[in-house]
Amino acid sequence: MRIVSLCHHTIPSHHTNTQQLVWTTTELARLGHHVEVVCCESDAVGPAWRERIVDYYGLDALPDSIDFVPVCSDRTGTILPEARADLRNVLHARRHRHELVHTRDPFALTLALAAGLRCIFETYRVDINEDARFGPWRALNYRRKNLLGVVTHSDLCRQSFIKAGIPEARVMTNYNGYAAAHFSPVLTREAARAHLGLETAECIATYAGRVDVTKGTDFLVQVARQLPDVVFLLVGAAAGSEEERTVLQHIQEAGVRNVRLRPRVAPSEVAAYLFASDCLVIPPTAAPLRRHGRTVLPMKTFSYLAAGRPIVAPDLPDLREVLHHEENALLVPPDKVEAAAAAIRLAVSHQPATEKLGYAARQNAAYFTWQARAERFSAFLENVCAPNGFRLGETKQCQ
């Protein structure tokens, strides 16, 4: 199948969605699909562009059946740069008439559907189905027959689409994944800390992801006050950004000295920090899901599982789809500082029970590789196209 995937960011970039996009489309290409990823221009475009993509995301190689096509310019300061990029991407897709358009961008979906292109929409967001402000957007797009299907990152999100009127058979939950090669060989804590220059004797609880209050990192600072003997390592700070300054302000106001910020690293470098940790933390707060409404089952969850370290996370419906209390994680009531601190204290204690959590997590991770995700994705494409007389491998388009 010829698939065009639309992205309004540069590739490679630090945006998490580009990591998910590159890995998923690469694995789809390895399954025999021809994939064209349309994105923004950057300084990396040129003969060495594919090598840059491989190196940044930690791929072993890019198959010949995937192409990266820079259509729009990444110009900060322009008016509505992402919307302009979405428009240029859709115009490109319309000219080249691929069999299927894949996008995660709501505006790009609207444009592609209006242009008569056959679309698969992928998203983690539940707010677009629950917020009244998106009512006109839903009414405009969900009735379109050329919206062939929706791929969601959690069952929580899937159910929101079904309630919003998308037929159940056209909505798939396909969890995100992790790069298995990044976690092989398995590093001991000591080896990983030596590689990163971290102290061997410290107890380290790590958060790896965007360092921002919308992700709950301010709550981790509150928890750190309760555990002065545990180092809280926050990996993913954008140096000099407003988000970094805000978190540093929270640290200063709390008067804690056991919270350390590390800058963003390439996806291929994250595993070493996870291996170096005594436990891995998803901020035990409901704010990212309920207050900000857009962070659902974060992608870091799957890398955490692969690292085989005890995980502490909030007991929320999205995370309960993958994490199970006292089986592969410790789930705590959200926004309870004392409960979170107690769970982290237990997780870093290296008791047999918590070590078993890490072992179970690593065993569970086998289901969540990018390769396995692409296989499920490919099967879904076959199913949603089949009622319209299309089978994979045929040259005619979905109707």
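Where the only charges are on Cβ atoms (+1 Lys, Arg; -1 Asp, Glu), what is the dipole of the chain about its Cα centre, to the nearest 20 debye?
The calculated dipole for the chain is roughly 1080 debye.
For the stretch 298-366, rounded, prolate or oblate, judged on the Cα gyration tensor with a ≥ b ≥ c (square roots of eigenvalues), a/c < 1.5 rounded, else prolate if a/b > b/c?
Oblate, because a/c is 1.5 or more while a/b does not exceed b/c.
Go ahead and set up a Gaussian network model of the chain, Cα springs under 10 Å, then flag whichever of Arg52, Arg143, Arg97 fluctuates most.
Arg143
Distance in nm between label sites at Glu130 and Arg225, each 7 Å beyond Cα in the beta-carbon direction?
It works out to 2.8 nm between the two label points.
Hey, what angle do you get for helix 352-364 against the long axis of the chain, alpha-carbon based, 0 to 90 degrees rounded to 10?
10 degrees
Between 0 and 90 degrees, rounded to the nearest ten: what's the tilt of helix 217-226 against the longest Cα principal axis of the chain?
On a 0 to 90 degree scale, this one is about 10.
Do you know the relative contact order of the chain, to the nearest whole percent, from alpha carbon pairs under 8 angstrom that are 6+ apart? Don't skip to the answer; put the middle values down first.
Numbers: 762 pairs, mean separation 61.3, N = 399.
Worked out over the chain, it gives 15 percent.
Below 11 angstrom from the Cβ of Asn258, what's the summed charge of the other residues (Lys, Arg +1; Asp, Glu -1)?
+1
Per residue of the stretch 200-206, what does 6.51 cos²θ - 1.76 cosθ + 1.60 with θ = phi - 60° give for ³J(HN,Hα)? Whole Hz please, x for Gly and Pro, Karplus curve as stated.
6, 7, 6, 8, 10, 10, 10
Quick one: with all protein chains in place, what share of the accessible area of the chain is carbon or sulfur, to the nearest percent (1.4 Å probe)?
50 percent
How charged is the neighbourhood of Thr369? Take every other residue with its Cβ under 10 Å from the Cβ of Thr369, and add Lys/Arg as +1 and Asp/Glu as -1.
-1
Does anything in the stretch 85-112 have its amide N under 20 Å from the 7 Å Cα→Cβ label point of Arg2, and if so which residues?
Correct set: 88-103, 112.
Roll a 1.4 Å probe over the protein chains and send me the accessible area per residue for the chain in Å².
43 Å²
For Trp49 and His195, FRET efficiency with R0 = 25 Å and r from the beta-carbon atoms, rounded to 0.05?
The formula returns an efficiency of 0.30 here.
Decide, for the stretch 210-262, between rounded, prolate and oblate: order the square roots of the alpha carbon gyration tensor eigenvalues as a ≥ b ≥ c, take rounded if a/c falls under 1.5, and otherwise choose prolate if a/b is larger than b/c, else oblate.
It is prolate, given that a/c is not under 1.5 and a/b is the larger ratio.
What is the extension gain from Lys163 to Asp60, computed as 0.36 nm multiplied by their sequence separation minus the C-alpha to C-alpha distance, in nm to one decimal?
So the extension gain works out to 33.0 nm.
Relative to the longest principal axis of the C-alpha atoms of the chain, give the angle of the C-alpha long axis of helix 337-347, reported between 0 and 90° and rounded to the nearest 10°.
Once rounded, the angle reads 80 degrees.
Per 0.36 nm of contour for each residue apart, how much would the distance between His350 and Thr246 grow if the chain were fully extended, relative to their Cα-Cα spacing?
Contour length minus Cα-Cα distance gives 34.1 nm.
List, largest first, the extents of the alpha carbons of the stretch 137-179 along their principal axes, each in whole Å.
36, 20, 19
Taking amide H positions as placed in the peptide plane 1.01 Å from N, state which residues far from Thr173 in sequence (5 or more) or on other chains have amide H under 5 Å from it.
Placed amide hydrogens put Thr152 under 5 Å from Thr173.
So what are the ³J(HN,Hα) numbers for the stretch 168-185, from phi and the Karplus equation (6.51, -1.76, 1.60; θ = phi - 60°), rounded to whole Hz, Gly and Pro as x?
Residue by residue, the stretch 168-185 yields 4, 5, 9, 10, 10, 8, 10, 4, 5, x, 8, 8, 4, 5, 6, 10, 9, x Hz.
So, R0 is 41 Å and r is the distance between the beta-carbons of Arg138 and Ser184; what FRET efficiency does that work out to, to 0.05?
Numbers: r = 43 Å, r/R0 = 1.04.
Rounded to the nearest 0.05, the efficiency is 0.45.
The values are calculated or read from the model by the stated rules, or taken from the named source; none is laboratory data. The structure presented is a predicted model; accordingly, all values stated were derived computationally and were not measured. FYI the Cβ positions are ideal-geometry reconstructions off the backbone, even for glycines, and counts take in every protein chain you see. Accessible surface areas use protein heavy atoms only, side chains included; no ligands, DNA or RNA. Shrake-Rupley method; radii C 1.70, N 1.55, O 1.52, S 1.80 Å.
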